[in-house]
Amino acid sequence: MKRIKKWGQRSAGQVYKPLRRWLIPPYRTHIVEDRLPELLKNRLLYIVQEDGYREQAAMLCPCGCNQVLHMNLLPDEHPCWRLTLHKDGTATLHPSIRREVNCLSHFWFVRGRIRWFKQEGSWNERGS
């Protein structure tokens with residue numbers, strides 16, 4: 001009986017993951033000049049640039065706490081994230097994003113998708 005249960009869970013996961021990726025679109029990337037808008041929209045990564053230099057990336061925390069996350073893109077300041085813009089309109093930030101207060105979210109932002117870290121240190125992609 002345990003084998004059947006495990007097989008069912010594994011099979012459901014194999015169907016659910018691609019379906020979820022198809023149903024839930026990736027975050028869109030929006031480049032703004034000089035500063036962020038006062039109200040950020042959900043599922044949108046904002047890139048703030050001034051005089052052609054990308055200064056920061058910002059987004060609402062994907063956990064749902066609605067806190068604004070700011071990631072510095074200027075290499076002279078630390079911590080610093082590296083931004084990659086892809087031809088399909090998505091973006092990747094490196095390294096991972098980790099909140100050390102409040103919700104304690106920890107995730108990778110890869111090609112417009114959130115890949116959550118599990119407690120063991122591995123990641124788990126969810127529909128965020």
| task | Output ³J(HN,Hα) for the range 27-40: one whole-Hz value per residue in order, computed from phi by the Karplus curve 6.51 cos²θ - 1.76 cosθ + 1.60 with θ = phi - 60°, and x for Gly and Pro. | result | 4, 8, 10, 10, 8, 10, 8, 6, 7, 6, x, 5, 10, 8
| remark: Expressed as a whole-number percentage, the relative contact order of the range 27-125 with C-alpha contacts under 8 angstrom and at least six residues apart is 16 percent
| field | Highest to lowest packing among 59-70, 74-85, scored as the average C-beta count within 10 Å | value | 59-70, 74-85
| remark: For ARG98 and LYS41, extending 7 Å from Cα along the Cα-Cβ vector and measuring point to point gives, in nm, a value of 3.2 nm
| remark: Using the Kirkwood radius over Cα pairs of the range 27-125, the Stokes-Einstein translational diffusion coefficient at 20 °C and 1.002 mPa s, in µm²/s and rounded to a whole number, is 155 µm²/s
| Amide H within-cut-off set for LEU45, under 5 Å, with H built and near neighbours excluded | ARG28, THR29, HIS30
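Only the coordinates and a few stated rules stand behind these numbers; no lab work does. Quick caveat: nothing in here was measured; it's all calculated off a predicted structure. Quick reminder, even Gly has a Cβ in these numbers, built from the backbone with ideal geometry, and neighbours come from all protein chains shown.
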